[in-house]
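What follows is a short report on a single structure.
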Amino acid sequence: MSRLFALTKRELSAYFFAPVPWVLTFFFLLLTWYFFQWEMSQAYVQVTYAPVFMALDFILMFLVPLLTMNSVAEERSRNTLETLLTAPVHDWQVILSKWLGTFSFYVTMLVPTLVYWAILAYLGYDIHKPDAGPILTAYLGALFLGGLYIAIGIFASSLTENALMSAFLAFFILITMLSIGVLPFMRESAPSWMRDTAEYLSQNLHFAEFLKGRIDAYDVTYFVTLTAFFLFLAVRSLESRKWR
């Protein structure tokens, strides 16, 4: 456990002392603020910042691949990965520490968005809005969504030495998962099992349930199992160096 903690601390330090993650954080907050202001400017405005969460799937689809693209690929290109793996650590500890470090930084990115809640609480004080329940479940969904995206990004980064290629691969996987939940419904002739499978694999449909204020074991299981699955694939990708 101490080795995992040390590796996680190493990864988190790399994020805090590198310029790119902070640039991505700036754009993340800029985009969420844009959607928040857009909601506030509408004539039918309600005391909610649901649009911020509704756009989160789209925003993270672009930012997370850029955030994770160097996690393994850069170490491969600099030949520092072999040095790391000669230390008394397991492959799964290396991958898990990269996920934990990136996820911790992602949480740091989310924290400033709480100011939107404070603003709405002030505006809706007289009518006791916004409701805390849906906002808390939305944040929980955002954590699950980000965790899955990060796992996919780390898996993509483990496949190549080229950081930009890893970002492209991660984006391709994410856009495929998003699209697969929509395309089969465009054809009424598609078998029901195909539509059900596509619906299950589409991350935005599961995330949408959290935005409705629901915490369903079905959706939690989806995020946990797929996150674990992509981390497992990343570990296997790392182990494949031994077969070459």
Taking 0.36 nm per intervening residue step and subtracting the Cα-Cα distance, what contour gain separates ASP196 from ALA18 on full extension? 59.8 nm
Stretch gain in nm, segment PHE27-ASN162, where the contour uses 0.36 nm per residue and the Cα spacing is subtracted: 46.3 nm
To make sure I understand, if each residue's beta carbon is the centre and we count other beta carbons within 10 Å, what order do TYR116, TYR122 fall in, fewest to most? TYR122, TYR116
Under the Karplus curve 6.51 cos²θ - 1.76 cosθ + 1.60, θ = phi - 60°, whole-Hz ³J(HN,Hα) for region 223-234, x wherever Gly or Pro sits: 5, 5, 5, 6, 4, 4, 5, 6, 5, 4, 4, 5
Under the Karplus relation 6.51 cos²θ - 1.76 cosθ + 1.60, θ = phi - 60°, what is the ordered set of whole-Hz ³J(HN,Hα) values for region 2-15, x standing for Gly and Pro? 5, 5, 5, 4, 5, 5, 5, 4, 4, 5, 5, 4, 4, 6
Env charge @ SER157, Cβ radius under 10 Å, K,R +1 / D,E -1, value -1
Quick calc, GLU239 & TYR139: beta-carbon distance into FRET formula, R0 25 Å, rounding 0.05, result 0.10
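Read-outs: derived from the displayed coordinates by stated rules, not from any lab. If you're wondering where the values come from, they're calculated on a predicted model, not measured in any experiment. Neighbour counts are summed over all protein chains in view; Cβ atoms, including those assigned to glycine, are modelled from backbone coordinates with ideal geometry.
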